[in-house]
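Bear in mind that the values in this text are calculations on the coordinates, not laboratory data. Predicted, not measured: the structure shown is a model, and the values here were computed from it. Cβ placement follows ideal geometry from the backbone for every residue including glycine, while neighbour counts extend to all protein chains displayed.
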Ligand code: DGL
């Protein structure tokens with residue numbers, strides 16, 4: 001069986017890349033809902049409805065575990081999806097591993113950037129308070145609307161992307177945050193550009209965190225780990241294959257070997 005990785009589009013490739021690097025033996029199936037990307041400003045109920053149609057695809061394709069490589073889906077839909085599919089498949093989100101990392105690596109003032117849905121849900125702050133209710137955490141959150149659309153276009157990045165990013169980051173610089181969490185997997189794809197704009201700030205990306213937490217999780221759940229086949233295979237599905245996707249997938253995965261084939265996931269959303 002395979003490990004499923006789910007995002008709205010290309011963003012989850014930042015997580016997949018780290019998973020493949022840390023746990024290269026496993027077989028992975030990636031699905032990006034590129035038909036509906038961006039999720040960040042869509043109605044959360046709609047996102048949950050799409051996710052409910054997408055999960056059976058992972059089950060049909062023989063996945064035994066799904067990682068939500070998307071902060072927005074985790075924020076809007078994780079608990080409802082876990083409740084609905086609990087008896088069929090294990091589903092893990094991306095926020096809890098990030099919160100645990102932040103608690104284990106305390107900072108003076110934490111900045112968090114994400115999509116509007118993620119920031120409005122306050123999921124990071126609720127989660128941090130839930131795991132460690134007594135700890136006072138100083139944080140500042142900022143949504144970056146429009147950024148995902150520009151990242152999806154890939155390099156060379158537009159002037160518009162730089163403008164959105166600069167105004168978003170300027171607000172955080174004013175707040176003098178000393179670490180910045182990239183709370184959207186799409187932003188993780190441009191971590192280097194963000195670091196260049198904020199040279200003194202420690203940038204927290206989610207790929208390695210997710211990989212470490214998954215390894216620890218599988219060590220604790222050997223029954224599940226033993227179901228995952230180990231042929232280092234990768235299947236890549238999208239609900240819409242856009243013209244530049246083949247190039248972008250290989251670019252974001254830093255794939256220098258033979259280019260990976262993209263397949264269309266035929267899911268009935270009506
Ligand atoms: N990459 C996703 C996230 O981590 C969603 C971006 C979007 O579709 O707006 O939030």
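Points worth noting:
- Here, the chain is characterised by an Rg to Rh ratio of 0.94, where Rg is the alpha-carbon radius of gyration and Rh the Kirkwood radius.
- Rounded to the nearest 500, the 222 nm mean residue ellipticity of the chain from helices alone is -13500 deg cm²/dmol, with -39,500 (n - 2.57) taken per DSSP H run of at least 4 residues.
- The value of relative contact order for region 146-270, using C-alpha pairs under 8 Å at least six residues apart, is 18 percent.
- Amide N proximity, region 162-203 versus residue 140 label position 7 Å along Cα-to-Cβ, cut-off under 12 Å: 168-180
- 20 Å cut-off, amide nitrogen to a point 7 angstrom out along residue 230 Cα→Cβ, residues in region 197-214: 211-214
- Paramagnetic reach from residue 53 (point 7 Å along Cα→Cβ, amide N under 18 Å) across region 10-37: 31-37
- Straightening the chain between residue 41 and residue 202 buys 55.2 nm, computed as 0.36 nm per residue apart minus the Cα-Cα spacing.
- Cα→Cβ-extended label distance, 7 Å offset, between residue 193 and residue 105, nm: 2.3
- Distance between region 50-88 and region 193-266 - C-alpha centres, whole angstrom: 17
- Packing order of peptides 179-187, 97-105, highest average first: 179-187, 97-105 (average count of other Cβ atoms within 10 Å over each peptide's residues).
- Note: relative contact order over region 201-270, using C-alpha pairs below 8 Å and six or more positions apart, is 30 percent.
- Ordering of 59-69, 154-164 by packing [mean C-beta count within 10 Å, highest first]: 59-69, 154-164
- Relative contact order (percent, whole number), the chain, Cα cutoff 8 Å, 6+ residue spacing: 28
- Note on residue 243 and residue 61: the model spin-label points, each 7 Å out from Cα along the C-beta direction, lie 2.5 nm apart.
- Each peptide in 194-204, 214-224 was scored by the mean count of other Cβ atoms within 10 Å over its residues; highest first, the order is 194-204, 214-224.
- Among 27, 86, 127: highest mean-square fluctuation, GNM of the chain, C-alpha pairs under 10 Å: 86
- Extension gain for residue 22 to residue 221 (0.36 nm times residue separation, less C-alpha to C-alpha distance): 69.9 nm.
- Cα gyration tensor shape for region 126-182, rounded if a/c is under 1.5, else prolate or oblate: prolate
- Counted residue by residue at 0.36 nm each, then reduced by the alpha carbon distance between them, the extension gain from residue 80 to residue 167 reaches 27.9 nm.
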